[in-house]
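Asks: Let me begin by handing over the structure; questions about it come next.
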Amino acid sequence: MAAQFRSYVWDPALIVAQMVLLQAGYYSSLGLWLALLGTLGSTGPSLQQMFSDEILGFSTPPGRLSMMAFILNALTCALGLLYFIRRGKQCLDFTVTVHFFHLLGCWIYNSRFPSTLTWWLVHIVCTALMAAIGEYLCMRIELREIPLNSAPKSNV
C-alpha cells in the first residue's frame, strides 16, 4: 500500500477525548464570560443563565448580557477548534456536537424542550459563528506553505 500525505486511522478514543475537551472548554469559557459580563450587570453566573431558555431575551439586561456571553463564547470556542481539533473539515461536526449536547443539557435541566424563539436564534447564530470562524482559522493553518529547505539562505 502506498503511503499517503495524511492517512487517518479510525481512532474513537481520540474523537471522544476531543469531544469531552471541547465540551468542557465550552462550559468553562461560557462560565467565564457570564462572570465577566455579570460584573457589568451586578449579577453572578448561574446555571439558570447557562441552561434556561427563558432568560435569553432582548427585554431584560440579564437576558442581553447572557446573549452577549453566548456570542463571545462562540468566538472563544472557535479558538478551541483551532487548538484541539485542527481540521477544517471537522469543525462543523464538532460544533454541532457541542451544541447538540448543550441542547440535551438544557432539556434535562428544564425538564422540557427549549421552546423560546430567542434561545433558538441565539444558538443557531452561535453554531454558525463557531463553525465558520473555527473552519477559517483551521484552514489558514492547513494552507500554510510547507518549508522544503530548512537551511538558511545565503545572499551571494
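Asks: Criterion first (open to solvent by 70 Å² or more (accessible area, probe 1.4 Å), of a type in the set (F, W, Y), closer than 21 Å to L129 by Cα and touching a Gly at 6+ places or on another chain (Cβ under 8 Å)) does F84 satisfy it?
Replies: So F84 fits the description; yes.
Asks: Shifting gears a bit: Examine the stretch 98-113 for a residue that is touching a residue at least 60 places away in the same chain (Cβ under 8 Å), surrounded by fewer than 17 Cβ atoms within 10 Å (Cβ to Cβ), among the hydrophobic types (A, V, I, L, M, F, W, C) and farther than 23 Å from L143 by Cβ, and state whether such a residue exists.
Replies: For the stretch 98-113, residues touching a residue at least 60 places away in the same chain (Cβ under 8 Å), surrounded by fewer than 17 Cβ atoms within 10 Å (Cβ to Cβ), among the hydrophobic types (A, V, I, L, M, F, W, C) and farther than 23 Å from L143 by Cβ: present.
Asks: Looking at the stretch 1-112, what helices (runs of 4 or more DSSP H) fall wholly within it and have at least 3 residues that are under 19 Å from the mean Cα position of the chain (by Cα) and under 30 Å from R144 (Cβ atoms)?
Replies: It comes to 12-41, 61-80, 91-110.
Asks: Next question, about the same structure. What do you reckon, is I141 more than 22 Å from G38 (Cα to Cα) and modelled with pLDDT of 95 or more?
Replies: Taking the combined requirement at face value, the residue does not satisfy it.
Asks: Picking from C138, C91, C77, C126, which residue would you name as being farther than 19 Å from I15 by Cβ and either open to solvent by less than 60 Å² (accessible area, probe 1.4 Å) or of a type in the set (V, I, T) (or both)?
Replies: Only one candidate passes the filter, namely C126.
The values are calculated or read from the model by the stated rules, or taken from the named source; none is laboratory data. Treat the numbers as computed from the prediction; the structure is a model and nothing was measured. As a convention, Cβ positions derive from the backbone with ideal geometry for all residues, glycine included, and neighbour counts pool all protein chains shown. Ligands, DNA and RNA are excluded from the accessible area calculation, which covers all protein heavy atoms including side chains. Shrake-Rupley method; radii C 1.70, N 1.55, O 1.52, S 1.80 Å.
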